[in-house]
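Data first, discussion second: the structure below is written as structure tokens.
The values are calculated or read from the model by the stated rules, or taken from the named source; none is laboratory data. Here the structure is a predicted model, which is why all the values come from computation and not from measurement. Neighbour counts are summed over all protein chains in view; Cβ atoms, including those assigned to glycine, are modelled from backbone coordinates with ideal geometry. Please note that ligands, DNA and RNA were not included when accessible areas were found on the heavy atoms of the full protein model with its side chains. Shrake-Rupley method; radii C 1.70, N 1.55, O 1.52, S 1.80 Å.
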Amino acid sequence: MKKEKQSNFELFRIVAMLMIIIFHSLVNFVGTRDSQYISNNIELGGVLLMLRYVFGQLGVILFAMISGYFLISAREKKNTFERAMATAVKFAGMLLYNGVIISVVIAVIYMAVRKLGLVGPIFYELINTTRNIFDDSHLIFGYLGGFWYLSVYFLLLVVINPLNRFLNKLTDNRTFLALIIVIIFVSVLFKFTLFLSLGRDAINAATIFVGYLLGGYMRKFDPLQHVKSRYLWAGLIMFIAYYMLAHEFLARVLHVWSFDAKPAVGFFIGYPGYVLAAIIFALFMRLNFSSKSVNSLAGTTLFIYIFHVGAPFDFFFQTATYIYAHVIPSWGLTGFGLDVAFMGTLLGYVLVVFLLGAL
């Protein structure tokens, strides 16, 4: 009987994708005029800021770390570009499937619902935009293309053989860590130095490469192996406590608008994000269990990413924004009731999108 493979990193992959979906669901809502009704719920505002400005970056780093952890010691292909070529074909096939099959299904449902008059005008407002997956699909391998993660990951695979040869020559823990720190500093230059500025996607690209290095670092040296799990959990709790207390101070003491009260955790700079990612990664490394259902679900995460960001008409982004901006306020809730309703709706939306993509 074939032994089921370990599921710790498969569960890790699922958690990282859930973080990214949460981030994407909030990206067009937090800090906009539509979010004004939450301003008086300062704690909820702090939580949403953390989900918006930490989870997106953190999810991306975690995905890149998985690649670095497993690929840094992978056997080098004879054909330097074989791995990149296979991945390119895989990405293109998934995009084609999502762009043709999924687009057609959603278009047919849209036409049927409209023909039968089952929904009001607001549905047309949600779905009737010009953006479609075909706008982005031809840019998949462009450096600043529509599917930036796929683009940068492809570029990483193009250079993976010489990169791994270089990294595997670094046998000293401190030297490897110093390389990671220097690359993070250099990436900051491309964000904040005027004549070098390449915009958001350039920083995202650096995040993928640093995440890859960090995953390889964890594989080669396991720097947190002697740190007890309870201390790692304490580190996670301290990060959350710092974020929320700093937000409370900014909002209540300095009277900064809740969604402008962003603690300095470095959304683009990323040191806290990388440290937090290393702690989470170390905790998942210590898990020891096997689950066929977890392994099967984890195998769908790449398509879930393509599905939820590339479905026709920005449907999922707009649906989330509409729910947060119009549906929840219509319930007339305040205080703790609003907190529970918003977070429950957010989690429900994220799970529905994840499961739809997994189908």
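Extension gain Phe289-Val227, at 0.36 nm per residue separation less the Cα-Cα distance, in nm? Result for the pair: 20.2 nm of gain on full extension. Across region 40-51, rounded Karplus estimates of 3J(HN,Hα) from the backbone phi angles (6.51 cos²θ - 1.76 cosθ + 1.60, θ = phi - 60°) give 6, 8, 5, 5, 4, x, x, 4, 5, 4, 5, 5 Hz, Gly and Pro being marked x. When the square roots of the Cα gyration tensor eigenvalues are ordered a ≥ b ≥ c, the ratio a/c for region 205-253 is 1.5 or more and a/b does not exceed b/c, which makes its shape oblate. Nearest 0.05, what FRET efficiency do Ala86 and Leu236 give at R0 = 30 Å with Cβ-Cβ as r? That pair, Ala86 with Leu236, gives E of 0.25.
Placing dummy labels 7 Å off each Cα toward the beta-carbon, the span from Ala246 to Met343 is 2.1 nm. When Trp233, Trp148 are compared by accessible surface with a 1.4 Å probe, the order from highest to lowest is Trp233, Trp148. Here Ser330 and Glu76 are evaluated by their C-beta separation; at R0 = 56 Å the FRET efficiency comes out at 0.45. Listed cross-link partners Lys169/Lys262; Lys77/Lys292; Lys5/Lys169 are compared with a 32 Å cut-off, the Cα-Cα value being larger for Lys169/Lys262. Computed on protein heavy atoms with a 1.4 Å probe, the accessible areas place Leu49, Leu355 in the order Leu355, Leu49, largest first.
Mind running the shape call on region 290-359? Use the C-alpha gyration tensor, a ≥ b ≥ c as the square roots of the eigenvalues: rounded below 1.5 for a/c, prolate if a/b tops b/c, oblate otherwise. Here region 290-359 falls in the oblate category. In order along region 332-347, the Karplus-derived 3J(HN,Hα) couplings, from 6.51 cos²θ - 1.76 cosθ + 1.60 at θ = phi - 60°, round to x, 8, 9, x, 5, x, 5, 4, 5, 5, 5, 5, x, 5, 4, 5 Hz, and Gly and Pro are given as x.
Can you classify region 215-354 as rounded, prolate or oblate using the Cα gyration tensor, where a ≥ b ≥ c are the square roots of its eigenvalues, rounded means a/c under 1.5, and otherwise it's prolate if a/b beats b/c and oblate if not? Taking the square roots of the gyration eigenvalues as a ≥ b ≥ c, region 215-354 is oblate. Note that region 21-29 has calculated 3J(HN,Hα) couplings of 5, 4, 4, 5, 5, 9, 4, 9, 10 Hz, one per residue in order, obtained from phi through the Karplus relation 6.51 cos²θ - 1.76 cosθ + 1.60 (θ = phi - 60°); glycine and proline are x.
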